[in-house]
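Written out below as structure tokens is the structure these notes cover.
The values are calculated or read from the model by the stated rules, or taken from the named source; none is laboratory data. All values reported here derive from a predicted model rather than from experimental measurement. FYI the Cβ positions are ideal-geometry reconstructions off the backbone, even for glycines, and counts take in every protein chain you see.
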Amino acid sequence: MKISVFGIGYVGLVQAAVMAEVGHDVLCMDIDAVKIAQLQRGQVRLYEPGLAELVRESLEAGRLRFTTDERAAVEHGRVAFIAVGTDSQADGSADLAGVLAVSDAIARHRRDPLVIVEKSTVPVGTGDRLQARIAKAVKDAGRSLDFEIVSNPEFLKEGSALADCRRPDRIIVGITSAHARETMRELYEPFNRNHDRMLFMDLRSAELTKYAANCMLATKISFINQMAELAEHLGADIEAVRQGIGADPRIGYHFIYPGCGYGGSCFPKDLRALIHSAGEAGCASDLLQAVEAVNARQKGKLFELVRRHFGDDLRGRTFALWGLAFKPNTDDMREAPSRDLMEALWAAGARVRAYDPEAMHEAQRLYGDDERLQLMGTPEAVLSGADALLICTEWQQFKAPDFALIARKLAAPVIIDGRNLFDPERLARYGLRYFAIGRGERL
Ligand code: NAD
């Protein structure tokens, strides 16, 4: 099947790559000419395990192509995916400028029938809005166009995006006609063989499903973080509590890890957007607002632990930092807790020496000129003479470090861990003082 993909970020590129892998003929369009030129040469700028290889294979096979020519992309596919960004605006609502720009291009250039798929996360009602907008533009131009909007939200997780798209848990499809249902079935057939993963519903329900899923996950994180705060103040250990509640199958172990707050490109902005939508609809969103408030506090938690230990004035101090990405296996630093921490440390006069396996280039792009940040080539290199080691991301390679070396290299033997990676008793044997989330200083 011929497919066009608009917006070649994490979602667009991964979708395009797995669609091309199974044999679909995919033409990708983005307004970022530098990115497109790099992709045409097989260079993948973002880090996602296995993605660069897959893109190069499909590029060589001719099933995956890249362009900045919107007209060519509009004319190519029988299905057009809109996968552009929908970042927050100042009032918290989702910015639909990119989505609207693509739909306007479709109205301008398309003559043959088309199924338009909303892949981007968009507020409930956007599908109806696009349907009306395109119909009006086409009518105003004195033409007609046979088209339909489908909502097909994306649930991939950065870091395991390829696996998630090759074997999705579920394929949510909001439709208004039997023709769109049939087209979406044909499109997803290669990903739907083991059992039927496709869930058809109306457009608005599909749009809300995406927000509801992300808000539920964010709620789980803020819930456990609030329990962690309580545990710390009441002298309990949240790690014991986490396992205790996870053993109940109604609760389960997934997504209840305490930490230094959620970040990334989705949870924060999707929460804000749903709260905004609720306000517009005259509905309460008090639970969602509480989830946000807990998270905002939690993102300040590591700095609070630093301040508790070292005092308010951090001038002259240097902190070693492991982990810049908002989670492991990605280079994405959008709304990452590491950024809140670094910026608070700098404001208090401290310097930071940091290491991340994949996000160094992103940190360089964001803070390259800031002399208060020094990026080092290995996790060990950040340690020498630092006042403490701080941990923001649970990369595999941080989980069993050489504690004797850490104790030797740090100026003060202190680890402040935003991901609860270590056993406090073991660290005590190395003479390291260990502060984590919801555990107090357990020894
Ligand atoms: P991204 O910022 O990585 O990529 C968006 C791309 O869209 C950029 O390359 C940008 O240049 C391009 N773009 C913007 N306007 C355009 C236009 N008018 N025409 C063509 N291209 C245009 O974003 P992302 O992380 O891939 O997210 C895309 C959407 O998918 C968002 O709505 C997001 O909420 C949703 N989503 C993201 C994830 C994730 O993990 N990143 C998961 C599920 C859903």
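If you take the residues of segment 141-167 that are within 21 Å of M201 (Cα to Cα) and aliphatic (A, V, I, L, M), which of them is nearest to the ligand (Cβ to nearest atom)?
L156
Among the residues of segment 110-132, which ones are more than 13 Å from the ligand (Cβ to nearest atom) and either among the basic types (K, R) or more than 18 Å from L187 (Cβ to Cβ) (or both)?
Scanning segment 110-132 gives R110, R111, V124, G125, D128, R129, L130, Q131, A132.
Please determine whether any residue of segment 307-329 is within 16 Å of the ligand (Cβ to nearest atom) and in contact with a strand residue (DSSP E or B) (Cβ under 7 Å, 6 or more places away or on another chain).
no
Would you check if there is a residue in segment 4-18 being over 23 Å from the mean Cα position of the chain (by Cα) and either away from the ligand (no atom under 13 Å from the Cβ) or surrounded by fewer than 19 Cβ atoms within 10 Å (Cβ to Cβ) (or both)?
Within segment 4-18, not a single residue is over 23 Å from the mean Cα position of the chain (by Cα) and either away from the ligand (no atom under 13 Å from the Cβ) or surrounded by fewer than 19 Cβ atoms within 10 Å (Cβ to Cβ) (or both).
Restricting to segment 69-94, and then to whatever is surrounded by fewer than 16 Cβ atoms within 10 Å (Cβ to Cβ) and part of a loop (DSSP other than H, G, I, E, B), can you tell me which residue is nearest to the ligand (Cβ to nearest atom)?
The extreme case among them is D87.
Just wondering, is there one or more residues in segment 49-68 that are out of contact with any helix residue (DSSP H, G or I) (no Cβ under 9 Å at 6 or more places or on another chain), in contact (Cβ under 8 Å) with a residue 24 or more places away in the chain and not in a helix (DSSP H, G or I)?
No, the conditions are met nowhere in segment 49-68.
Scan segment 45-68 residue by residue and report those that are surrounded by fewer than 18 Cβ atoms within 10 Å (Cβ to Cβ) and more than 11 Å from the ligand (Cβ to nearest atom).
P49, G50, A52, E53, R56, E57, E60, A61, G62
Quick test of your reading of the structure: R351 fulfils all but one of (1) in contact with a Pro (Cβ under 8 Å, 6 or more places away or on another chain); (2) on the phi < 0 side of the Ramachandran plot. Name the failing condition by number.
Every listed condition holds for R351 apart from (1).
Applying the selection to segment 28-43, what residues are within 12 Å of the ligand (Cβ to nearest atom) and out of contact with any Phe, Trp or Tyr (no Cβ under 8 Å at 6 or more places or on another chain)?
If the condition is that a residue be within 12 Å of the ligand (Cβ to nearest atom) and out of contact with any Phe, Trp or Tyr (no Cβ under 8 Å at 6 or more places or on another chain), then I31, D32, A33, V34, K35, Q38 are the ones that fit.
Just for segment 242-277: of the residues that are more than 16 Å from the ligand (Cβ to nearest atom) and among the basic types (K, R), which one is surrounded by the most Cβ atoms within 10 Å (Cβ to Cβ)?
Residue satisfying both the conditions and the ranking: R242.
Is it the case, given these coordinates, that A107 is farther than 14 Å from P153 by Cβ, more than 9 Å from the ligand (Cβ to nearest atom), touching an Asp or Glu at 6+ places or on another chain (Cβ under 7 Å) and assigned to a helix (DSSP H, G or I)?
no
Is segment 176-198 home to any residue that is buried (at least 22 other Cβ atoms within 10 Å of the Cβ) and without any contact (Cβ under 8 Å) to a residue 40 or more places away in the chain?
no
Answer yes or no as to whether A97 is without any contact (Cβ under 8 Å) to a residue 12 or more places away in the chain, within 16 Å of the ligand (Cβ to nearest atom) and over 18 Å from the mean Cα position of the chain (by Cα).
Criteria met by A97.
Look through segment 396-411, keep the residues that are of a type in the set (A, V, I, L, M, F, W, C) and exposed (fewer than 15 other Cβ atoms within 10 Å of the Cβ), and return whichever of them is nearest to A386 (Cα to Cα).
Checking each candidate, the answer is A411.
Only residues that are more than 16 Å from the ligand (Cβ to nearest atom) and loosely packed, with under 15 Cβ neighbours inside 10 Å: list them for segment 206-230, please.
L230
Could you tell me whether any residue of segment 335-354 is under 19 Å from E394 (Cβ atoms) and among the acidic types (D, E)?
Yes.
Regarding L130, is this residue of a type in the set (A, V, I, L, M) and either in contact (Cβ under 8 Å) with a residue 40 or more places away in the chain or in a helix (DSSP H, G or I) (or both)?
yes
If you scan segment 226-243, which residues turn out to be in a helix (DSSP H, G or I) and among the aliphatic types (A, V, I, L, M)?
Matches in segment 226-243: M227, A228, L230, A231, L234, I238, A240, V241.
If only one of G127, G159 is on the phi > 0 side of the Ramachandran plot and either surrounded by 17 or more Cβ atoms within 10 Å (Cβ to Cβ) or modelled with pLDDT under 95 (or both), which one is it?
G159
Condition first: in contact with a Gly (Cβ under 8 Å, 6 or more places away or on another chain) and surrounded by fewer than 23 Cβ atoms within 10 Å (Cβ to Cβ). Now tell me which residues in segment 421-443 satisfy that.
G440
Conditions tested, residue by residue: (1) within 30 Å of M333 (Cβ to Cβ); (2) in a loop (DSSP other than H, G, I, E, B); (3) in the same structural domain as D331 (by TED's automatic domain parsing).
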site: A101; (1), (2), (3): yes, no, no
site: K136; (1), (2), (3): no, no, no
site: P153; (1), (2), (3): yes, yes, no
site: E182; (1), (2), (3): no, no, no
